[in-house]
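Asks: I have a structure here, written as structure tokens, and I will follow up with some questions on it.
The values are calculated or read from the model by the stated rules, or taken from the named source; none is laboratory data. The structure displayed is predicted, hence computed values, not measured ones. Neighbour counts run over all protein chains shown; Cβ positions are idealised from the backbone, glycine included. Note: accessible area is taken over every heavy atom of the protein model, side chains too, but ligands, DNA and RNA are not part of it. Shrake-Rupley method; radii C 1.70, N 1.55, O 1.52, S 1.80 Å.
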Amino acid sequence: MKPYAEMTKEELESLRAQLKAEYREYQGKGLSLNMARGKPCKEQLDLSMGMMDVLGSNDDLTCEDGTDCRNYGVLDGIKEAKELIGDMMENPIDSIIIYGNSSLNVMYDTISRSMTHGVMGSTPWCRLDKVKFLCPVPGYDRHFAITQYFGIEMVNVPMTPTGPDMDLVERLVASDEAVKGIWCVPKYSNPQGISYSDETVRRFARLKPAAKDFRIYWDNAYGVHHLYDHDQDHLIEILAECKRAGNPDLVYKFASTSKISFPGSGLAAIATSPNNMEDIKAQLAIQTIGHDKVNQLRHVRFFGDIHGLVEHMRLHADILRPKFEIVIDTLESELGGLGIGTWTTPKGGYFISFDSLDGCAKAIVTKAKKAGVVMTGAGATYPYGRDPHDSNIRIAPTYPSQEDLRVAMKIFALCVKLVSINKLLEAAAQAGSDPAPRAQ
């Protein structure tokens, strides 16, 4: 089929009538398909059920150094867990603190501590007239929710195929002391699945911030979440690069096992410089006497070491890879060549990013919901929920079954077609011709 923008008004109206009939058929089926968030499916959760059996009431719950994991203490995590997570994060154990199950919780705490007590002796942000954060877009809605909750002004930075627009990042960071941080998902980014290039990472490490308390919030949530064994993205290790660049304190690096073991009861961690570690531990020592060491030991005994964790992630990939391929194949077969949308083809992570014609995303998501397919709200991938082009939609293929996903994607593609035709006909009526809004 030729691109929609090349069709006449009559052709578009005829096609719309056919598509509407197909849409009504789906509506009549009473479907309930959910692709709203990047949740692991049951089969993925089942992969970690053996973790429930590695510790029993008769087992020795002491560490190699004699620490009794049932008791208080060990603020920054047991050595064995730090070795496992350190290998996953590619950082030495003396740069890591192990927390509870949620890296989002650690990020929230880090922002909160900066607001109330400042960063390494700097003025607490709550005492400043203005605090700003750079937000690569499209990006992770829960990052944006944290900074919005604390009243921090968020500044959009466009994503490129190699990461955030570094010319803009460098200019804003160097020129404005109110800019205190930037959110980053550097590998298989949420939602586009982009991994930062070597040059981008090096430019981050060599930033010259106007604010001495500026930090890069490096959320490497998908560091080991590859879809393919031999076709994987690789990321330069940011802390080592910062140290080489003479900026050792510039980064907070976050990670967790939330999509590796059990999302509700995994391990989270931060890796950073000795100076930052000292600053964090001063607060952490007041907040807790230590996190769940029994759970830390459980993870260590289940995975064994980084090799066991990598093999475990191959099992995840075997489940997820066909789902990503269903999404991409459906988009290509249903929408390819029509000129009404573009999409990413990531090699890992949890999402695929779709860009519709300008002004169509909200209508597409709404129409899909009326046919029984729930997706992430349009606009969620931008601060304040405001997508300036109303074009970006995050597709989360992980939770539904393959069968449900096929149906959901057929409905999604159908909704893209219907909304796009309406948009083109409206534009033609207003302009007296057939111009098509640009696709992102």
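Asks: Return a yes/no flag: does the range 212-222 have any residue that is touching a helix residue (DSSP H, G or I) at 6+ places or on another chain (Cβ under 8 Å), small (G, A, S), at pLDDT 95 or above and within 27 Å of A81 (Cα to Cα).
Replies: Yes, the range 212-222 contains at least one residue that is touching a helix residue (DSSP H, G or I) at 6+ places or on another chain (Cβ under 8 Å), small (G, A, S), at pLDDT 95 or above and within 27 Å of A81 (Cα to Cα).
Asks: Within the range 336-362, track down each residue that is more than 19 Å from S391 (Cβ to Cβ) and either part of a helix (DSSP H, G or I) or open to solvent by less than 40 Å² (accessible area, probe 1.4 Å) (or both).
Replies: G348, G349, Y350
Asks: Mind checking which residues of the range 363-376 are outside any helix (DSSP H, G or I) and either open to solvent by 40 Å² or more (accessible area, probe 1.4 Å) or over 15 Å from A36 (Cβ atoms) (or both)?
Replies: V374
Asks: Test P248 against the stated conditions and say whether it is over 17 Å from the mean Cα position of the chain (by Cα), buried (at least 19 other Cβ atoms within 10 Å of the Cβ), in a loop (DSSP other than H, G, I, E, B) and not acidic (D, E).
Replies: So P248 fails the test.
Asks: Can I ask one more? Quick check on the range 139-156: of everything there that is over 16 Å from the mean Cα position of the chain (by Cα) and among the β-branched types (V, I, T), which residue is nearest to D109 (Cα to Cα)?
Replies: Per the stated criteria, the residue is I152.
Asks: Counting only residues that are in a helix (DSSP H, G or I), farther than 25 Å from D46 by Cβ and of a type outside the set (G, A, S), how many does the range 282-335 have?
Replies: 12
Asks: Select from the range 28-71 the residues that are open to solvent by 60 Å² or more (accessible area, probe 1.4 Å), under 26 Å from V374 (Cα atoms) and polar (S, T, N, Q) and list them in ascending order.
Replies: Listed by number, the residues that qualify are S32, N34.
Asks: If you take the residues of the range 174-219 that are among the aliphatic types (A, V, I, L, M) and open to solvent by less than 10 Å² (accessible area, probe 1.4 Å), which of them is farthest from the chain's Cα centre (by Cα)?
Replies: Among residues in the range 174-219 that are among the aliphatic types (A, V, I, L, M) and open to solvent by less than 10 Å² (accessible area, probe 1.4 Å), the one farthest from the chain's Cα centre (by Cα) is A211.
Asks: Just one of the numbered conditions (1) modelled with pLDDT of 95 or more; (2) out of contact with any strand residue (DSSP E or B) (no Cβ under 6 Å at 6 or more places or on another chain) is not true of H230; which one?
Replies: (1)
Asks: Filter the helices (runs of 4 or more DSSP H) completely within the range 2-103 down to those with at least 2 residues that are polar (S, T, N, Q) and over 30 Å from P186 (Cα atoms).
Replies: Per the criteria, 9-27.
Asks: Going through the range 96-121 one residue at a time, which ones are under 20 Å from the mean Cα position of the chain (by Cα) and either farther than 23 Å from A211 by Cβ or open to solvent by 10 Å² or more (accessible area, probe 1.4 Å) (or both)?
Replies: Correct list: Y99, G100, N101, S102, S103, L104, N105, Y108, D109.
Asks: Pull up the range 378-387, narrow it to residues that are at negative phi and without any contact (Cβ under 8 Å) to a residue 60 or more places away in the chain, then point me to the one that is least open to solvent (accessible area, probe 1.4 Å).
Replies: Selected residue: A378.
Asks: Checking E237 against (1) among the acidic types (D, E); (2) surrounded by fewer than 22 Cβ atoms within 10 Å (Cβ to Cβ); (3) within 25 Å of T116 (Cβ to Cβ), only one condition comes out false. Which one?
Replies: Unmet for E237, out of (1) among the acidic types (D, E); (2) surrounded by fewer than 22 Cβ atoms within 10 Å (Cβ to Cβ); (3) within 25 Å of T116 (Cβ to Cβ): (3).
Asks: Name, by its number, the condition in (1) under 30 Å from G121 (Cα atoms); (2) within 24 Å of the chain's Cα centre (by Cα) that does not hold for I286.
Replies: Among (1) under 30 Å from G121 (Cα atoms); (2) within 24 Å of the chain's Cα centre (by Cα), the lone unmet condition for I286 is (2).
Asks: In the range 138-174, how many are farther than 14 Å from I216 by Cβ, part of a strand (DSSP E or B) and touching a strand residue (DSSP E or B) at 6+ places or on another chain (Cβ under 8 Å)?
Replies: Total meeting the criteria: 6.
Asks: Right, here's the next one. For the range 175-221, how many residues meet the condition of being part of a strand (DSSP E or B) and of a type in the set (V, I, T)?
Replies: The number of residues fulfilling the criteria is 3.
Asks: Evaluate the following for T288: is it at pLDDT 95 or above, of a type outside the set (G, A, S) and surrounded by fewer than 22 Cβ atoms within 10 Å (Cβ to Cβ)?
Replies: yes
Asks: Kindly check whether there is at least one residue in the range 122-138 that is modelled with pLDDT of 95 or more, surrounded by fewer than 21 Cβ atoms within 10 Å (Cβ to Cβ) and more than 30 Å from A380 (Cα to Cα).
Replies: Yes, the range 122-138 has at least one match.
Asks: Considering only the range 78-95, state which residues are buried (at least 20 other Cβ atoms within 10 Å of the Cβ), more than 25 Å from the chain's Cα centre (by Cα) and under 20 Å from I280 (Cα atoms).
Replies: Passing the criteria: only I78.
Asks: Is it the case, given these coordinates, that P437 is open to solvent by 10 Å² or more (accessible area, probe 1.4 Å), in a loop (DSSP other than H, G, I, E, B), at pLDDT below 95 and closer than 30 Å to M154 by Cβ?
Replies: For P437, the condition - open to solvent by 10 Å² or more (accessible area, probe 1.4 Å), in a loop (DSSP other than H, G, I, E, B), at pLDDT below 95 and closer than 30 Å to M154 by Cβ - is met.
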